[in-house]
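Working notes, structure below.
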Amino acid sequence: MNILAINAYHPNASAALVQNGQLIAAVEEERFNRVKYAAGFPTQAIRYCLGEASLEIEDVHYVVVPRNPWARLWKKLFFAARLPRFAADRAHVMARFAGLHYQLAEALGVAPERIRAKFHRLEHHQAHLASAFFVSPFDQAALLSVDGLGDFASAMWGVGHGSKMEVKGDVAFPHSLGIFYTALTQYLGFWKFGDEYKVMGLGSYGEPAHLEKFRRIVKPGPGAGFRLGLEYFVHHQRGAEMTWSSADETPVLGQLYSDELEKLLGPARKAEEPLERQHQDLAASQQAVLEEALFAMLNELHRQTRMKDLCLAGGVAFNCVANGKIFSRTPFERVWVQPAAGDAGLAVGAAFHLYHQVLGGRRQFVMDHPYWGPGFLRAHVRQAIQEKSLPEKGYRVRQLEEHELVKETAMFLSEGDIIGWFQGRMEWGPRALGNRSILADPRRADMKDILNRRIKHRETFRPFAPSILEEAVSEYFEAPCASPFMQMTFPVRPEKRDVIPAPTHVDGTGRLQTVNRAANPRFWALLQEFGHQTGVPVLLNTSFNESEPIVCRPQEAIDCFLRTQMDALVLGDYLIDKTAELPLSLRD
Ligand SMILES: [Fe+2]
């Protein structure tokens with residue numbers, strides 16, 4: 001049985017394919033059309049998923065969409081009556097989803113009658129809950145989804161048992177922790193879609209000195225929910241305005257906070273103004289009040305369910321600082337967050353919800369690695385190297401056996417080189433986890449600045465992340481569990497902070513990836529070899545990109561390598577580096 005899931009007309013458009021209860025492929029459209037957070041219809045993602053499973057559209061039995069325009073209809077009608085623009089937006093959404101069959105046919109270039117699949121819909125947050133639970137290693141767990149807004153809700157919780165999940169409650173528009181976090185991110189001068197993680201990094205520099213004021217903005221309860229002080233926001237009066245004219249544009253979100261917020265906290269920071277101590281304290285207060293609300297929800301959820309294990313999803317589940325504190329602030333003993341916890345992950349959730357909850361399929365799949373995107377044969381890699389004329393440009397290209405490849409790469413890294421590392425199938429979700437990564441030596445205190453100067457050009461306050469051999473994690477981190485998808489921040493052991501200064505954040509923590517041998521044997525081998533050579537089985541790991549979506553194809557990796565100042569590139573079995581006499585002019 002083949003299920004195609006499509007997350008369309010929403011930021012992080014994506015597709016996933018599930019065959020007989022097993023995930024075959026999952027990918028975000030942004031990796032193909034090269035537009036960060038691309039919305040619109042995920043044409044190329046769908047084509048890739050079908051191709052990966054060697055299917056034609058006729059072979060697909062079900063198509064499922066994680067959106068239900070009919071959910072909370074009365075509430076929507078209530079707002080539509082007050083907000084004409086909101087009513088127009090809703091009508092537009094309904095029309096687009098009504099024509100999905102034809103849009104899919106058009107995207108694939110086939111006649112509509114060739115699509116025989118049955119179409120299903122699933123509410124946004126139920127898809128989030130399913131995306132967390134049905135692919136987790138837990139047979140039963142408490143479930144929580146928290147984000148900005150989807151199908152008119154911002155949070156939902158429930159419980160999962162085997163092949164079924166049950167919704168226990170939700171928080172409806174206009175109350176939203178995601179909108180709160182984004183509004184305050186805008187207030188602090190960060191306006192780009194997806195900038196929330198910058199403020200999370202900034203908060204580590206400050207103290208929650210404004211917590212009392214922030215408690216007027218977000219209040220816990222009733223029950224497992226929370227409320228916003230709505231006077232500080234405008235989204236309930238004007239609508240949460242999000243625009244993109246096509247799949248070729250990153251979404252743009254209108255202002256979410258009101259003048260009252262500036263009366264409470266002082267004038268908003270303009271994007272070009274310097275970041276000062278007060279901004280660090282405001283970011284710390286924002287994080288602290290988010291954590292208060294989140295942990296209140298989790299403690300109430302635990303009280304209601306008595307589960308030991310927790311599955312988290314939704315955009316707020318990317319708050320790795322909060323995630324790392326769940327063990328000390330709630331009774332939950334194990335936590336699972338899938339790599340695409342945000343809206344891209346809705347596709348996986350919708351597919352598995354249909355398979356288990358609707359069709360009664362038994363659970364037989366655990367997402368024990370994140371590599372569900374495109375991979376490339378050695379011949380493709382070789383062709384890309386030839387197309388880009390790397391030898392002619394003066395680069396040394398060597399095809400090596402794995403043990404040589406790993407040994408040489410580790411040696412380059414230990415000498416301070418920055419390496420582009422491109423292997424196997426691309427990661428699902430926004431984190432580079434050892435297949436589309438830029439790697440560097442974590443022992444060098446200046447490596448963060450070097451990476452920023454030469455390649456990443458990020459704000460200096462943002463941390464870089466460490467990848468570590470799973471077997472060595474307790475030696476370096478105060479980590480109560482593995483963190484295979486970089487979804488949790490844990491303290492670096494005090495005696496190790498000077499050993500790996502580059503990925504240790506200002507507050508002594510790291511957003512680590514624990515690398516499991518079975519999940520990624522070659523990356524594990526590289527970490528082990530680096531450990532042999534240096535005594536430190538840790539690498540600084542940042543995403544393989546430069547102000548663009550993470551690279552997908554070898555060609556994009558080579559382009560990124562050529563236009564930045566990486567020292568070497570590992571493309572599958574090929575190690576590419578500069579010869580000593582390479583003139584700088586050839587690097588452009
Ligand atoms: Fe969402």
Qualifying GluC sites (Glu not before Pro) for segment 442-520 [loop in DSSP, other Cβ within 10 Å: at most 13]
Glu459
Over 20 Å between Cα atoms: which of Lys118/Lys168; Lys192/Lys456; Lys198/Lys456; Lys192/Lys270; Lys192/Lys448 fall into that group?
Lys118/Lys168; Lys192/Lys448
Take Trp191, Trp157 and order them by how many other Cβ atoms sit within 10 Å, fewest up front.
Trp191, Trp157
Here Rg/Rh (Cα, Kirkwood) for the chain equals 0.96
Return the equivalent ellipsoid semi-axes of segment 342-441 as a descending list in whole Å, where each equals the square root of 5 times an eigenvalue of the C-alpha gyration tensor.
37, 16, 13
At most 12 other Cβ within 10 Å, DSSP loop - GluC sites (Glu not before Pro), segment 535-581
Glu581
Axial C-alpha extent at least 27 Å, average Kyte-Doolittle at least -1.0 - helices from the chain (DSSP)
277-305
Tell me, what is the Rg over Rh of segment 166-246, with Rh the Kirkwood radius over Cα pairs?
0.99
What is the magnitude of the charge dipole of segment 436-488 about its Cα centre, with +1 placed on the Cβ of each Lys and Arg, -1 on the Cβ of each Asp and Glu, and no other charges, expressed in debye to the nearest 20?
500
Going by a ≥ b ≥ c, the root eigenvalues of the Cα gyration tensor, does segment 262-382 fall in the rounded group (a/c under 1.5), the prolate group (a/b larger than b/c) or the oblate group?
oblate
So for Ile385, Ile438, fewest C-beta neighbours within 10 Å to most, what's the order?
Ile385, Ile438
Step by step: find N for segment 503-586, compute 2.2 N^0.38 Å, then divide the Cα radius of gyration by it. What's the final number?
1.30
Please work out, to two decimal places, the log10 of the ratio I(q)/I(0) at q = 0.13, 0.18, 0.20, 0.21 Å⁻¹ from a Debye calculation in which every Cα of segment 255-305 carries one identical scatterer.
-0.48, -0.73, -0.81, -0.85
Just for the chain, what percent of DSSP beta bridges are antiparallel, to the closest 5?
75
Relative exposure of Lys270, Lys308, judged by other C-beta atoms within 10 Å (fewest first):
Lys270, Lys308
What is the mean projected area of the alpha carbon convex hull for segment 420-522, to one decimal in square nanometres?
6.5
Cβ neighbours within 10 Å, averaged per peptide: list 401-414, 21-34, 527-540 in order, most packed at the top.
21-34, 527-540, 401-414
So how do 339-345, 253-259 stack up, highest first, on mean other-Cβ count within 10 Å?
339-345, 253-259
Histogram of C-alpha separations across segment 128-167, 10 Å bin width, %
33, 51, 16
Considering the dipole of segment 361-437 built from charges on the beta carbon (Lys and Arg +1, Asp and Glu -1) around the Cα centre, which of Leu433, Val397, Gly361 is farthest to its positive end?
Gly361
Taking the dipole about the Cα centre of the chain, with the C-beta of Lys and Arg at +1 and of Asp and Glu at -1, give me whichever of Met165, Gly223, Gly324 is farthest to the positive side.
Gly223
Out of the trypsin sites (Lys or Arg not before Pro) in segment 100-152, which ones are loop residues according to DSSP with at most 11 other C-beta atoms within 10 Å?
Arg116
Suppose each label sits 7 Å from its Cα in the direction of the beta carbon; what would the Ser547-Glu495 distance come out to in nanometres?
4.4
Compute the relative contact order of the chain as a whole-number percentage, counting only Cα pairs closer than 8 Å that sit 6 or more residues apart in sequence.
16
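Where a number appears in this text, it was derived from the coordinates with a stated rule and is not lab data. Because the structure is predicted, anything quoted here is derived from the model rather than measured. In this analysis, Cβ positions are derived from the backbone assuming ideal geometry, glycine residues included, and neighbour counts consider all displayed protein chains.
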